[in-house]
Amino acid sequence: MAMHCGWHPASLLLTICIVGLLSFSAEAAVKKYQFDIQVKNVSRLCHAKPIVTVNGMFPGPTIYAREGDRVLVNVTNYAQYNMSIHWHGLKQFRNGWADGPAYITQCPIKTGQSYTHDFNVTGQRGTLWWHAHILWLRATVYGAIVIMPKEGTPFPFPQPYSEANIILGEWWNTDVETIVNQANKLGLPPQMSDAHTINGKPGPLFPCSEKHTFALEVESGKTYLLRIINAALDDELFFAIAGHNMTVVEIDAVYTKPFTTQALLIAPGQTTNVLVKADQPPSRYFMAARPFMDVPIPIDNKTVTAILQYKGIPNTVLPILPQLPAPNNTQFALSYNTKLKSLNTPQFPANVPLQINRHLFYTIGLGQNPCPTCQNGTQLTASLNNITFVMPKIGLLQAHYFNIKGVFSTNFPDRPPVPFNYTGAPLTANLGTSLGTRLSKLAFNSTVELVLQDTNLLTVESHPFHLHGFNFFIVGSGAGNFDPAKDPAKFNLVDPPERNTVGVPTGGWTAIRFRADNPGVWFMHCHLELHTMWGLKMAFVVENGKSTEESILPPPKDLPPARYCNARN
């Protein structure tokens, strides 16, 4: 917007100019943040250890912005590890350079180096989050992103009296990177976490944790907005508040048709906003979370707690525990997810693609590949369409933009090489996978339907899948094998939930749709860190459109150069 304001004897014109400039600056505010990656000693569960933090905080600082703002986050790395930060759920239109996943859109930020993530918040409002996107460093490097609606635009639900972030995480008593490296040498999964946390604190049901308990003070009769984020590495979680109902109003920064529930389910990478009314007898009530796991895989199934405390109630009052669903309550999980629907109003439409250009079918599998140095002579692995993704030596977006040959191919298959009974009896033979850095190319503005199918290779399991650069609509989901003849007739094409991370049900399938209108290279991966490490990931190359406005922006001058990449991370 150009506005030329010179001196004019008519004070009216001057007033108009000032108002115009003020409204312009309000529309396009610039929010600046400094993120110093620092190692700090932290104590939890009677154990002290050095952890990687942002600005010495655990969890890290909250990014606050309004829809339409420009955000500049300068990340300076003072830790011994290579670092990258991902702004989870921000679409980064034409601007993959700010997305952050190491070796996908950029090389990592080396020790002693800085990089400024410069991005616009366009057409999004609500709760998202940021986290490290390299190694397992997001175990401690994460925080909330709160995007307020444009000035003067109300929420499409009653205005809360106050709000709070509830970030669910995981804690290991020993160094996470050491645990992971040891497990990789053995070809086995690393040991599970020692506790879950709420805002970095495990709560009073754990030893040495009375002082490590998050408490939220509320006033009787007031309504509060809780911005709930699952930053755990490997666990889907149930969450509930003793005695209080929650009204779900938003998921992954998209407004939903409100519905009331006593508990919610949230997968790693997902966010959920709920309204809670302080309408119970004044007392202290536990907020609690524990994992959902409906197959016999070992998990850290202890309950993490925080406290909802009515004003004026002394700390000596013992809190009440909520009734959480049983850890294997598949029925609750399916029922909860079917209640999630887009608001789909004229102001917040659900623009579901109805005509589809590309139909993709990806099987999700666990496997075993030979490993002479590993404990059993094999190492556990994971794959999409039987391909275990191999991380490149330089950023894929850099290779694509600068046309660097030999970094990746674009022959990722649209469907599995060999069809089989995906969710039948467990398959324990022929578990080898193909290795490769294979991407799938999408034409600009094409419409895509992707069916993600869980398989019973070794075992069935639920998988939260995150797509960078886009939201998508979850048009269908079901148990067993996807039936292309019958299942599409049951798709919800009117008001399906819109998200950036979707849980593929155990031994079932999920169908998503999106429009490939964001040119660049965009990562898609399981948000269980264990499975991502084992290769359960791929990326899409979305081609440029016809005009400059439909093409990738040039890279910023301070983008970590290709020579900074290091294959070890």
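The values are calculated or read from the model by the stated rules, or taken from the named source; none is laboratory data. All of these numbers come straight from a predicted model, not from anything done at the bench. Neighbour counts run over all protein chains shown; Cβ positions are idealised from the backbone, glycine included. When the accessible area is computed, the model is the full protein with side chains, heavy atoms only, and any ligands, DNA or RNA have been set aside. Shrake-Rupley method; radii C 1.70, N 1.55, O 1.52, S 1.80 Å.
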State whether one or more residues within region 413-422 are touching a residue at least 60 places away in the same chain (Cβ under 8 Å), surrounded by fewer than 22 Cβ atoms within 10 Å (Cβ to Cβ), part of a loop (DSSP other than H, G, I, E, B) and in contact with a Ser or Thr (Cβ under 6 Å, 6 or more places away or on another chain). no
Taking GLY169 and the conditions (1) over 29 Å from ILE63 (Cβ atoms); (2) in contact (Cβ under 8 Å) with a residue 60 or more places away in the chain; (3) not in a loop (DSSP other than H, G, I, E, B), which numbered condition does it fall short on, given that it satisfies the others? (1)
So which residues in region 177-209 are open to solvent by 20 Å² or more (accessible area, probe 1.4 Å), over 19 Å from LEU45 (Cβ atoms) and in a helix (DSSP H, G or I), if there are any at all? ASN181, GLN182, ASN184, LYS185, LEU186
In region 252-270, which residues are under 22 Å from VAL304 (Cβ atoms) and touching a Pro at 6+ places or on another chain (Cβ under 6 Å)? ALA263, ALA267, PRO268, GLY269
List the pairs whose first member sits in region 326-341 and is farther than 20 Å from VAL254 by Cβ, whose second member is charged (D, E, K, R), and whose Cβ atoms are under 7 Å apart, counting only residues at least 6 apart or on separate chains? PRO327/ARG290; ASN328/ASP294; THR330/ASP294
Can you find even one residue in region 543-566 that is open to solvent by less than 10 Å² (accessible area, probe 1.4 Å), in contact (Cβ under 8 Å) with a residue 40 or more places away in the chain and in contact with a Pro (Cβ under 6 Å, 6 or more places away or on another chain)? no
Check LEU366, LEU442 and return the single one that is touching a Lys or Arg at 6+ places or on another chain (Cβ under 7 Å) and closer than 30 Å to MET83 by Cβ. LEU442
Considering region 95-127 alone, what residues qualify as being open to solvent by 10 Å² or more (accessible area, probe 1.4 Å), in a loop (DSSP other than H, G, I, E, B) and over 22 Å from PRO519 (Cβ atoms)? LYS110, THR111, GLY112, GLN113, ARG125
Exactly one condition in (1) open to solvent by 50 Å² or more (accessible area, probe 1.4 Å); (2) within 30 Å of VAL542 (Cα to Cα) is not met by GLY367; state its number. (1)
Condition set open to solvent by 70 Å² or more (accessible area, probe 1.4 Å), in contact with a strand residue (DSSP E or B) (Cβ under 9 Å, 6 or more places away or on another chain) and at pLDDT below 95, scope region 296-314, selection farthest from VAL218 (Cα to Cα): answer is ASN301
Among the residues of region 397-431, how many are at pLDDT below 95 and in contact with a strand residue (DSSP E or B) (Cβ under 7 Å, 6 or more places away or on another chain)? 2
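Of all the residues that make up region 442-451, how many are more than 23 Å from the chain's Cα centre (by Cα) and closer than 13 Å to ASP414 by Cβ?
Of the residues in that region, 1 qualify.
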By residue number, the members of region 35-57 that are of a type in the set (A, V, I, L, M, F, W, C) and open to solvent by less than 30 Å² (accessible area, probe 1.4 Å) are PHE35, ILE37, VAL42, LEU45, ILE51, VAL52, VAL54
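Conditions (1) in a strand (DSSP E or B); (2) among the basic types (Lys, Arg); (3) under 19 Å from LEU354 (Cβ atoms); (4) modelled with pLDDT of 95 or more, marked per residue:
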site: VAL448; (1), (2), (3), (4): yes, no, yes, yes
site: PRO464; (1), (2), (3), (4): yes, no, no, yes
site: GLY469; (1), (2), (3), (4): no, no, no, yes
site: PRO484; (1), (2), (3), (4): no, no, yes, yes
site: ASP495; (1), (2), (3), (4): no, no, yes, yes
site: VAL502; (1), (2), (3), (4): yes, no, no, yes
site: THR510; (1), (2), (3), (4): yes, no, yes, yes
site: ARG513; (1), (2), (3), (4): yes, yes, yes, yes
Residue check for LYS311: farther than 30 Å from ALA516 by Cβ and out of contact with any helix residue (DSSP H, G or I) (no Cβ under 8 Å at 6 or more places or on another chain): yes
For residues that are closer than 15 Å to HIS88 by Cβ and not hydrophobic (A, V, I, L, M, F, W, C), scanning just region 137-176, find the one that is surrounded by the fewest Cβ atoms within 10 Å (Cβ to Cβ). ASN165
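Go through region 434-466 and count every residue that is polar (S, T, N, Q) and more than 25 Å from ALA479 (Cβ to Cβ). Please lay out each step first, then the result.
At the first step, the residues of region 434-466 found to be polar (S, T, N, Q) are 434, 437, 440, 445-447, 453, 455-456, 459, 462.
Right, trim to more than 25 Å from ALA479 (Cβ to Cβ) and you get 434, 437, 440, 445-447.
Adding up the residues that qualify gives 6.
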Here are some conditions: (1) open to solvent by 30 Å² or more (accessible area, probe 1.4 Å); (2) closer than 30 Å to ILE474 by Cα; (3) of a type in the set (A, V, I, L, M). LEU321 meets all but one. Which one does it not meet? (2)
Test result for SER477, polar (S, T, N, Q) and modelled with pLDDT under 95: no
So how many residues does region 326-377 have that are of a type in the set (D, E, K, R) and outside any helix (DSSP H, G or I)? 2
Whether any residue in region 235-244 is at negative phi, touching a residue at least 60 places away in the same chain (Cβ under 8 Å) and of a type in the set (Val, Ile, Thr) is what I want to check. yes
